[in-house]
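As structure tokens, the structure follows; a few thoughts come after it.
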Amino acid sequence: MRGTVRTRIRVARLRRLLVGLLALVTAATATACSATDEQPRIVVTTNILGDITRQVVGDQAEVTVLMKPNADPHSFGLSAVQAAQLERADLVVFNGLGLEENVLRHVDAAREAGVATFEVGRAVDPLTFHSGDDGGPEGESGRPDPHFWTDPDRVRTAAGLIADRVSEHVTGVDHDAIRANAAEYDEQLADLTAFMEKSFDRVPEDRRNLVTNHHVFGYLADRFGFRVIGAVIPSGTTLASPSSSDLRSLTRAMERAGVRTVFADSSRPKRLAEVLSTELGDGVRVVELYSESLTAENEGAATYLQMMRANTTAMTDGLTVGSPKGTHS
């Protein structure tokens, strides 16, 4: 009798053990499937587009951004691990129009491997560079300008198109959530446009002239009624270098337009100030902007919205103050 009771107890314990193990296996399997099914991968080349994509995607997918904060989109490259991430993605979002000069071949390889890709710059009605006489890079006249993000209205278009591509190519996402995220971000971008318009209205007509370190603000000029006088690097890429004749042409254009303020990327203002001081003498004012890259957190431009608001304030102040007394950086 005792043996029978003990046997029943052992059987009951074994049964409970098996049920517990089965529950653990089921939970582990469900978690693995959930991680696989609910975390599609989107890879974005530049950090500006990365932020825009994250605003649209929210928590619906894993968004990997290849370009680090404060990097140069024209010159940054990829590690072997990052190149492999492109080919494992469900969707690759890239600026295109020649911007990511060292990365585009990897994007092409991913496309050839069957990965869906979206070239944002080509889809937002890109402008072309003007001729050198119009303040643009003469050697690139007629080529599409990749710096579309300086026009917030084009970014509104881009965000909507990214939402469409995610819904079309990425399985496992909640389409309603994507649309809701895109609509909320569109309102924020509309507010940004209104802020920029109100701020730039303070700039007198005779001071709406832009000189930059290279040709990056053509879209902003076109959208908000500025004139691009020239650039220290007469090109749409930072990989070019100015010649002595380029600098002479720029300084003559600045003198004709009465321009003494130059806008430079925050990573290069001191060098630019020294060059222009040599050419124009004292009185050149260099104002720092965030032109082609977001910063790390707490450095002033960690998101696209922060970057554009900071640039708008800096440009408005730089063009409305009195004549500077000396060069600074």
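Data for the structure
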read-out	value
Sorted largest first, extent of the stretch 41-190 alpha carbons per principal axis (Å)	51, 39, 27
Length added when fully stretched, residue 79-residue 222, from 0.36 nm per residue minus Cα-Cα	47.8 nm
For residue 100, residues with placed amide H under 5 Å, excluding near neighbours	none
Projected label distance in nm at residue 112 and residue 194, using a 7 Å step from Cα toward the beta-carbon	4.9 nm
Mean Cβ neighbour count within 10 Å, used as a protection proxy, ranking 223-232, 187-196 highest first	223-232, 187-196
Amide H contacts of residue 44 (H built 1.01 Å from N, under 5 Å, at least 5 apart or other chain)	64, 65, 66, 93
Electrostatic dipole magnitude of the stretch 41-190 [Cβ: Lys, Arg +1; Asp, Glu -1; Cα centre; debye, to 20]	460 debye
Residue 286 long-range amide H proximity, modeled H, under 5 Å	262, 328
Relative contact order of the stretch 41-190, pairs being alpha-carbon contacts under 8 Å that are 6 or more residues apart, as %	24 percent
Phi to ³J(HN,Hα) by Karplus 6.51 cos²θ - 1.76 cosθ + 1.60 over the stretch 92-107, Hz, x for Gly, Pro	10, 10, 9, 5, x, 6, x, 5, 7, 4, 9, 10, 4, 5, 6, 5
Contour excess over end-to-end distance, with Cα ends at residue 201 and residue 59 and 0.36 nm allotted per residue	47.3 nm
Segment residue 177-residue 70, extension gain: residue separation times 0.36 nm, minus the distance between their alpha carbons	35.4 nm
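FYI, it's all coordinate maths here, none of it is from the lab. Since this is a predicted model, take the numbers as computed values, not measurements. Cβ sites come from the backbone with ideal geometry, for glycine too, and all protein chains shown count toward neighbours.
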